[in-house]
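Asks: Starting off with a structure, shown below.
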Amino acid sequence: MNMRKQIRLDRIDREILFHLRQDGRLSNVELARRVGLTPPPCLRRVKRLEDAGVIAGYQAVIDPAAVGRALEVFVDVDINANDLKTVQEFETTTAGYDEVVEFRRMFGHPDYEAFLTGKLIGLPGVLHVTSHLTMKTIKADG
C-alpha cells in the first residue's frame with residue numbers, strides 16, 4: 001500500500017495527467033503547450049506529481065497479438081489455505097510465470113445492487129454479473 005501523502009490536484013494537474021495517460025512519451029514542450037503553460041512550470045508540476053507518487057511510472061503498452069499472445073484469459077483461483085505463508089508462496093510462484101501478465105488478489109464477491117441492477121443487468125447479452133474488488137495487485141505488466 002502506498003503511504004505517500006495525498007496532494008491536491010488542480011485543473012492543470014488533471015490535464016497533465018490526462019495527456020500523459022494518452023501519450024506518456026510527450027515532450028515537456030508539447031505537454032506544456034497542450035495544458036497552456038510554459039515548459040519550466042510544466043516540468044515542475046510533472047516532477048511534483050512524480051515525487052508525490054501520483055505518476056507512479058511510465059511504461060510501453062504492448063499489443064498482445066504482436067508478441068504471440070492474442071488470447072487473453074482471466075483465471076479465478078480459490079486457495080485452500082488458512083495461513084499467510086501458503087498464500088504468499090502461491091503468489092510468489094504464480095507471479096514468476098512469464099504467462100502471467102497481471103495478477104490480483106480479490107476480495108470475495110461484493111454486490112453493488114444499484115450499479116448492477118440499474119446499469120448492467122438488462123443490457124443485451126448479459127447473462128450473469130459478478131463484481132470483485134482488488135485487495136492487492138501482485139503483478140502488473142503493461
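The values are calculated or read from the model by the stated rules, or taken from the named source; none is laboratory data. Since the model is a prediction, treat every value here as computed from it, not as a measurement. Please note: Cβ atoms are built from the backbone with ideal geometry, for glycine as well, and neighbour counts cover all protein chains shown. With ligands, DNA and RNA removed, areas are computed over all heavy atoms of the protein, side chains included. Shrake-Rupley method; radii C 1.70, N 1.55, O 1.52, S 1.80 Å.
Asks: Give me the angle, in degrees from 0 to 90, between the Cα long axis of helix 39-51 and the longest principal axis of the Cα atoms of the chain, rounded to the nearest 10.
Replies: 30 degrees
Asks: Same structure again: Binned at 5 Å from 0, what are the whole-percent values of the Cα-Cα distance distribution for the range 2-79, short to long?
Replies: 3, 12, 21, 17, 12, 10, 10, 10, 4, 1, 0
Asks: So, in the chain, how many Lys pairs have Cα atoms under 22 Å apart, if the pair is 8 or more places apart or on different chains?
Replies: Final tally of qualifying lysine pairs is 4.
Asks: Between LEU116 and ASP78, what FRET efficiency comes out of the Förster formula 1/(1 + (r/R0)^6) with R0 = 22 Å and r the beta carbon distance, rounded to 0.05?
Replies: My answer for the efficiency is 0.50.
Asks: Which three semi-axes in whole Å describe the equivalent ellipsoid of the range 53-98, each the square root of 5 times a Cα gyration tensor eigenvalue, listed largest first?
Replies: The three semi-axes for the range 53-98 are 28, 19, 10 Å.
Asks: Report the longest stretch of the chain that contains none of the GluC sites (Glu not before Pro) sitting in a DSSP loop with at most 15 other Cβ atoms within 10 Å. Don't skip to the answer; put the middle values down first.
Replies: Numbers: sites that count: GLU72, GLU99.
The segment 1-71 is the longest one with no such site.
Asks: Can you give the helix-only mean residue ellipticity at 222 nm for the chain, where every DSSP H stretch with n ≥ 4 adds -39500 (n - 2.57) and the sum goes over all residues, rounded to the nearest 500 deg cm²/dmol?
Replies: My calculation for the chain gives -9500 deg cm²/dmol from helical runs alone.
Asks: Rounded to two decimal places and with Rh computed the Kirkwood way over Cα pairs, what is Rg over Rh for the chain? It would help to have the intermediate numbers written out before the result.
Replies: Values: Rg = 20.1 Å, Rh = 19.2 Å.
On the Cα set of the chain, Rg over Rh gives 1.05.
Asks: On average, how much accessible surface per residue is there in the chain, in Å², for a 1.4 Å probe, leaving out ligands, DNA and RNA?
Replies: Using a 1.4 Å probe on heavy atoms only, each residue of the chain averages 81 Å².
Asks: For the chain, what relative contact order do you get, as a whole percent, if you take Cα pairs closer than 8 Å and at least 6 residues apart?
Replies: 19 percent
Asks: In debye, nearest 20: dipole of the chain around its Cα centre with unit charges on the Cβ of K, R (+) and D, E (-)? Don't skip to the answer; put the middle values down first.
Replies: Details: 20 positive and 20 negative charges, 213 e Å.
About 1020 debye.
Asks: Whenever you get a sec, compute what percent of the accessible area on the chain sits on carbon and sulfur atoms (1.4 Å probe).
Replies: Summing carbon and sulfur atoms, their accessible area is 55 percent of the total for the chain.
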